[in-house]
Amino acid sequence: MSSPDVPAENETPQPQPRPPAPEQGFWAEWWDAVSPRTVALLFGVLLLQLAFILSYVGAFHSPQPHRIPVAVVAPAQVSARTVDQLNAIGSNPVKATAVADQALAEQQIRDDDTSAAFIVDPTSNTDTLLVSSAGGTSVSGAVTTVLTQVDAAQHRSLTVRDIVPLQPGDGRGLTGFYLVIGWIVGGYLVAALLGVAKGVRPATPRRAYFRLAAVVPYAVLSGLGGAFVVDQLLGALTGHFLALWLLGALLVASSATVTMAFQMLFGVLGIGVTVLVFVILGNPSAGGAYQPTLLPPFWRALSGALPNGAGTDAVRRIVYFGADGITGHLIVIAVYILGGAVIAAAGSHLQHHRLRRRGETASPTGEFDTDTAVA
């Protein structure tokens with residue numbers, strides 16, 4: 001017969017109830033539920049949100065034309081006077097230059113070397129303005145407004161001709177802008193998801209190279225998909241499928257490699273830095289809704305320096321201007337690809353060296369999840 005305090009040989013011991021957890025005060029429970037690191041991340045998100053509002057509203061709330069290039073065609077006796085008159089307008093909305101004849105002015109518009117041509121006819125009360133809606137409807141609209149006012153002040157009228165019109169499916173010329181946004185968003189999302197799934201910092205250079213290599217087929221497929229949608233599926237931008245495909249692949253690779261570099265440098269916070277660069281600064285300065293000549297100085301200066309603006313103008317030039325002048329944009333995009341890849345790879349080498357020096361090893365998946373910055 002067994003003792004009442006000792007379980008029988010075949011009897012399963014019953015679990016003893018746990019003592020109730022001591023009650024915490026309100027603030028102790030608060031900091032237990034919401035850590036200081038979480039509060040810091042929330043504060044960072046708030047700053048990004050306010051920066052988003054500031055950047056978009058700051059860029060778009062009051063567009064003003066600034067030195068829009070205009071070719072002036074007029075007889076010798078009135079050409080210089082007309083150029084001086086246009087360049088003397090307050091706030092400098094246009095930058096007028098005398099051109100020998102109308103044929104040369106039209107060629108400059110078709111090459112996107114100038115935005116408009118002002119044809120002055122002293123023998124009548126009507127002048128002609130040649131514009132290019134393909135170069136940006138906001139620009140052609142702004143220069144039309146300025147020169148209409150100039151002629152009205154002299155009791156003259158203005159006839160407007162669009163000699164490089166938009167394709168029928170490219171409403172207001174915004175297709176290229178949204179296409180570039182889609183490519184860039186896809187690039188940084190795939191890099192961010194790789195970081196979230198497998199750790200923001202690969203612990204070995206080999207793993208870093210695997211991630212960079214994975215970007216290549218994704219970029220190729222993404223560029224192909226975007227070109228297919230705007231050309232074959234929707235008919236928005238037609239006749240330049242291969243060129244748009246290749247440009248799209250480069251843009252996706254640029255945002256993906258830069259995101260990997262930011263993650264290597266800043267850990268999880270690198271995703272926020274990516275949003276700052278490509279969304280908060282890149283999109284409003286890209287020249288979509290308003291071309292750079294209508295943006296405030298800060299956003300105007302950023303336009304060609306970021307892949308967003310370089311890509312948007314490259315699409316416009318490929319589709320409407322025979323790809324003239326895209327070399328500089330391709331160089332900008334290539335610099336971001338190479339810079340991002342080099343920083344991501346070099347950061348992985350440095351991190352691996354630091355781990356070995358401290359006697360640490362990577363996790364079984366080969367990843368390193370700490371958020372401390374690479375020294």
Inset, instruction - Considering Cα pairs under 8 angstrom that are at least six residues apart, work out the relative contact order of the range 52-208 and quote it in whole percent. - result: 17 percent
Inset, instruction - Mind giving me the FRET efficiency for A100 and H155? R0 is 35 Å, r the Cβ-Cβ distance, nearest 0.05 is fine. - result: 0.80
Legend entry - Relative contact order of the chain, defined on C-alpha pairs under 8 angstrom at six or more residues apart (%): 18 percent
Inset, instruction - Using the number of other C-beta atoms within 10 angstrom as an exposure proxy, rank T137, T259 with the fewest first. - result: T137, T259
Inset, instruction - Any chance you could run the full-extension gain for L50 through A28? It's 0.36 nm times the residue separation minus the Cα-Cα distance, nm to one decimal. - result: 4.9 nm
Legend entry - Highest-first arrangement of 125-134, 175-184, where packing means the average Cβ count within 10 Å: 175-184, 125-134
Legend entry - With at most 14 neighbouring Cβ atoms within 10 Å, loop GluC sites (Glu not before Pro) (DSSP) excluded, longest segment of the chain: 24-359
Inset, instruction - Would you calculate the separation in nanometres between label points at F298 and H349, each defined as 7 Å from the Cα along the Cα-to-beta-carbon direction? - result: 3.7 nm
Legend entry - Per-residue ³J(HN,Hα) for the range 98-106, Karplus 6.51 cos²θ - 1.76 cosθ + 1.60, θ = phi - 60°, Hz, x for Gly and Pro: 6, 10, 4, 8, 5, 4, 5, 5, 5
Inset, instruction - For the range 76-159, take the alpha-carbon Rg, divide it by the Kirkwood Rh, and send me Rg/Rh. - result: 0.93
Legend entry - Approximate spin-label separation I89-I331, in nm, with each point projected 7 Å along Cα-to-Cβ: 3.2 nm
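The numbers here are math on the coordinates, done by the rules we state, and not lab data. Owing to the predicted nature of the structure, the values given are computational and were not obtained by experimental measurement. Counting neighbours? That spans all protein chains shown, and the Cβs are built from the backbone with ideal geometry, glycine included.
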